[in-house]
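A.B. asks: Have a look at this one.
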Amino acid sequence: MSYSSDGAAIQNHSFAYARSPDQDASSPPHHPVVVVGAGPVGLSLAIDLAQRGQRVLLLDNDHRLSSGSRAICFAKRTLEIWDRLGVGDAMCAKGVEWNLGKVFFGDDLLYPFNLLPETGHQRPAFINLQQYYAEAYLALRAAELPLIETRWKNSVMSLQQDEPGAEGKVRLEIDTPEGPYPITASHVAACDGSRSPLRAMLGQESTGRVFRDRFLIADVRMQVELPTERWFWFDPPFHRNQSVLLHRQPDNVWRIDFQLGWDADPEEEKKPERIQPRVDAMMQQALGHAVPFELEWASVYTFACQRMQSFKHGRVCFAGDSAHGVSPFGARGANSGVQDAENLAWKLDLVLRGAAPLALLETYASEREFAADENILNSTRATDFITPKSEISRLFRDATLDLARNHPFARRLVNSGRLSVPATLHGSSLNTADRDTFQGQMVPGSPVADGPVEVDGQPCWLLRQLPANGFSALIFDGPQTPALLAMIEIAAEGLVPLKPLVLSASGVAAERFDALPGTLYLLRPDQHVCARWRQASVVDVGAALRRALAVAA
Amino acid sequence: MLITEPHLQAPDDFYEALIDTHRDLDSAQSHALNARLVLLLANHIGHQQVLLQALQAARASTPRTTQV
């Protein structure tokens with residue numbers, strides 16, 4: 001399998017089970033970090049940890065990557081994370097970029113939208129890429145990193161934690177084709193999906209709300225001249241009183257979602273002879289004629305928005321679908337899972353190094369629970385609009401659509417999905433509140449915006465200039481620069497490495513930060529702002545760094 | 001913030017216009033019109049606190065089903 005493998009080859013690829021020396025050890029071998037689940041979230045986490053110099057054991061109970069395209073819309077923030085993990089270029093080379101979408105009602109276009117209306121970002125708002133490609137590139141990247149050991153057909157059967165505390169351990173019993181064996185771990189990351197066995201082993205549940213509706217999700221391979229835009233129909237003539245969503249994927253594969261209603265029979269609706277006329281009618285509407293197509297894959301889903309009450313239980317952290325689930329309108333599932341992994345990786349790394357206390361891991365849970373609630377709120381609102389479940393909800397939904405034909409304000413209310421943006425971690429205990437006045441979006445807790453910058457006279461992208469693994473200080477250039485450079489070294493002494501990046505105080509990037517000469521932004525290893533000042537002192541930076549490490553003042 | 005003191009420029013004229021707007025509509029059509037009207041007026045008001053107060057006032061005026 002390689003970066004140029006096609007989708008069929010990737011889905012057919014089988015990883016080999018191999019006996020590990022751990023299975024013959026006289027006492028359970030110890031691992032600092034065990035990641036359970038080699039999906040997009042587990043793989044991203046393993047790569048991030050390994051890049052930070054941590055030894056990772058990655059377990060998967062299967063021996064293949066994703067079958068079926070599943071999560072296909074990967075958001076800008078995910079691409080930026082994957083840039084840092086060394087797979088961004090591969091993802092974007094294969095993926096289909098898109099920023100534009102259209103919403104239709106009946107026969108008519110209601111409005112177009114642009115998810116990245118400003119220029120000056122390296123990555124697009126989204127790429128569409130089948131999940132098996134995303135996993136393949138992550139798996140190939142992981143295979144380049146000797147600090148990651150991946151064991152296929154290794155299935156966690158049980159999990160025990162001893163008393164909480166600095167010396168605590170988790171004991172895992174792992175099943176294999178050759179029988180079970182035990183190991184211990186200082187930390188476990190449960191990235192084992194929506195039906196998370198580890199979650200059940202800890203007696204936990206993911207709870208929330210099921211939406212009483214069914215959707216046919218189909219991958220259809222066809223050659224059509226349609227723009228690369230997210231198209232959403234409310235009540236189209238070819239599927240009356242229901243919704244339809246269309247996305248282009250690589251390889252001339254198109255993702256089509258048909259809302260079916262709660263009374264639909266999933267087994268009937270998956271049949272090709274039921275799907276064929278739906279796609280034909282849709283192409284008739286979109287193109288004026290039917291087109292030949294192959295049905296690659298189809299399934300019928302019911303959606304839910306749910307989450308675990310806490311994403312951390314002792315030394316086990318939950319990330320991705322194991323921790324939270326959303327309906328897909330808005331693409332907030334895999335994208336928030338990869339953001340979970342990014343949040344967890346640097347915290348686990350610093351705790352394992354002794355540079356931060358265990359309390360830092362508690363903030364993984366609080367920050368990502370906060371983000372999950374935002375994703376659940378947005379996904380729920382979209383799903384309520386798409387599948388209104390009371391008479392009155394339907395009344396207002398239809399009123400909104402009717403008004404949207406003629407009135408701009410109503411278009412803003414139409415909700416076919418509020419597409420994934422990374423959460424700004426308002427109120428996080430790791431943030432230092434602003435003392436100075438700043439305009440714009442780069443508040444403490446926000447993910448850093450990309451922008452065109454110049455380093456050593458060469459044009460490049462801001463995010464690619466940030467250190468891959470540590471804290472950084474963005475210094476906007478001015479007469480104070482030499483003093484600030486000297487100051488941050490002192491402020492960070494004895495804490496963590498802190499790398500400066502000096503940028504021009506004029507230009508697009510500086511505007512995004514509302515920067516003046518001498519403005520300093522302190523950034524976390526996950527490229528989130530933790531503090532900013534017009535005139536930072538050594539006390540300011542030291543205190544903010546300690547706060548971001550959850551170290552007592 | 002929500003004004004519940006008299007504020008209509010032409011109260012009786014407005015009241016008649018409101019009823020008249022529903023002329024020749026059946027019940028379902030009237031409900032749909034009311035929903036559109038709520039959204040149009042809400043957007044015109046815009047201010048979230050005022051709107052929330054209006055929603056709360058409307059909810060509080062819900063008649064009880066058993067009442068003499």
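A.B. asks: Taking the convex hull of the Cα atoms, report for the range A:500-553 its projected area averaged over all directions, in nm².
C.D. replies: The Cα convex hull of the range A:500-553, projected and averaged over all directions, gives 3.9 nm².
A.B. asks: Sort A:Ser243, A:Ser20, A:Ser27, A:Ser504 so the one with the fewest other Cβ atoms within 10 Å of its own Cβ comes first.
C.D. replies: A:Ser27, A:Ser504, A:Ser20, A:Ser243
A.B. asks: Apply 1/(1 + (r/R0)^6) to the Cβ-Cβ distance of A:Asp162 and A:Asn469, taking R0 = 35 Å, and write down the FRET efficiency to the nearest 0.05.
C.D. replies: The pair A:Asp162/A:Asn469 has a calculated efficiency of 0.70.
A.B. asks: When Cβ neighbours within 10 Å are restricted to other protein chains, what is their mean count per residue of peptide A:393-403?
C.D. replies: Per-residue shielding by partner chains comes out at 4.
A.B. asks: Give me A:Ile275, A:Ile127, B:Ile3 ranked fewest to most by other Cβ atoms within 10 Å of their Cβ, as a rough exposure proxy.
C.D. replies: Lowest count first: B:Ile3, A:Ile275, A:Ile127.
A.B. asks: Once you treat every alpha carbon in the range A:446-553 as an equal point and sum by Debye, what is log10 I(q)/I(0) at q = 0.22 Å⁻¹?
C.D. replies: Relative scattering, expressed as log10 I(q)/I(0), comes to -1.24.
A.B. asks: Taking each residue of B:36-44 in turn, how many C-beta atoms of other protein chains fall within 10 Å of its C-beta, and what is the average?
C.D. replies: That works out to 4 on average.
A.B. asks: When the helix-only estimate is applied to chain A (DSSP H runs of n ≥ 4, each -39,500 (n - 2.57), divided by the residue count), what is the mean residue ellipticity at 222 nm, nearest 500 deg cm²/dmol?
C.D. replies: After summing the helix terms and dividing by residue count, I get -9500 deg cm²/dmol.
A.B. asks: Among A:Lys94/A:Lys153; A:Lys169/A:Lys312; A:Lys312/A:Lys347; A:Lys347/A:Lys499, which pairs are too far apart, with a Cα-Cα distance over 20 Å?
C.D. replies: A:Lys94/A:Lys153
A.B. asks: List the lysines whose Cα lies under 26 Å from the Cα of A:Lys389, skipping any in the same chain that are fewer than 8 positions away.
C.D. replies: Leaving aside lysines fewer than 8 places away in the same chain, those within reach of A:Lys389 are A:Lys102, A:Lys270.
A.B. asks: Only Lys, Arg, Asp and Glu count, each charged at its Cβ (+1, +1, -1, -1), so figure out the dipole size of the range A:452-548 about its Cα centre, rounded to 20 debye.
C.D. replies: Dipole about the Cα centre, nearest 20: 300 debye.
A.B. asks: Kindly identify the range A:368-415 as rounded, prolate or oblate by the Cα gyration tensor criterion: order the square roots of the eigenvalues as a ≥ b ≥ c, call it rounded if a/c is under 1.5, otherwise compare a/b with b/c, prolate if a/b is larger, else oblate.
C.D. replies: Oblate, since a/c reaches 1.5 and b/c is not below a/b.
A.B. asks: Compute the distribution of all C-alpha to C-alpha distances in the range A:14-121, in bins of 5 Å from 0, and list the percent of pairs in each, rounded to whole numbers.
C.D. replies: Percent of pairs per bin, in order: 2, 8, 13, 16, 16, 12, 9, 8, 6, 4, 3, 2, 1, 0, 0.
A.B. asks: Taking a cut-off of 36 Å, what percent of all Cα-Cα pairs in chain A are separated by more than that?
C.D. replies: Value for chain A: 37 percent of Cα pairs lie more than 36 Å apart.
A.B. asks: For chain A, with only Lys/Arg (+1) and Asp/Glu (-1) charged at the beta-carbon, what is the dipole magnitude about the Cα centre, in debye rounded to 20?
C.D. replies: 600 debye
A.B. asks: Between rounded, prolate and oblate, where does the range A:95-148 land on the alpha carbon gyration tensor, with a ≥ b ≥ c its root eigenvalues, rounded for a/c under 1.5, else prolate if a/b exceeds b/c?
C.D. replies: oblate
A.B. asks: Starting from the Kirkwood radius over alpha-carbon pairs of the range A:208-344, derive D by Stokes-Einstein at 20 °C in a medium of 1.002 mPa s and give it in µm² s⁻¹.
C.D. replies: Translational D for this selection: 129 µm²/s.
A.B. asks: Only helices at least 30 Å long along their axis, Cα-based, and averaging -0.5 or more on Kyte-Doolittle count here, so list those DSSP H runs from chain A.
C.D. replies: Helices meeting the span and hydropathy rule in chain A are A:359-386.
A.B. asks: R0 = 30 Å: FRET efficiency of A:Ser506 with A:Arg546, Cβ-based, nearest 0.05?
C.D. replies: The calculated FRET efficiency here is 0.40.
A.B. asks: Taking R0 as 60 Å, what's the FRET efficiency between B:Leu52 and A:Ser14 from their Cβ-Cβ distance, rounded to 0.05?
C.D. replies: 0.55
A.B. asks: Using a 10 Å cut-off around each Cβ, can you sort A:Glu511, A:Glu167, A:Glu80 from fewest to most neighbouring Cβ atoms?
C.D. replies: Lowest to highest Cβ neighbour count: A:Glu167, A:Glu511, A:Glu80.
Coordinate-derived values only; no laboratory data. It should be emphasised that the depicted structure is a prediction, and the values quoted were computed from it without experimental measurement. Note: ideal-geometry Cβ built from the backbone for every residue, glycine included; neighbour counts use all protein chains shown.
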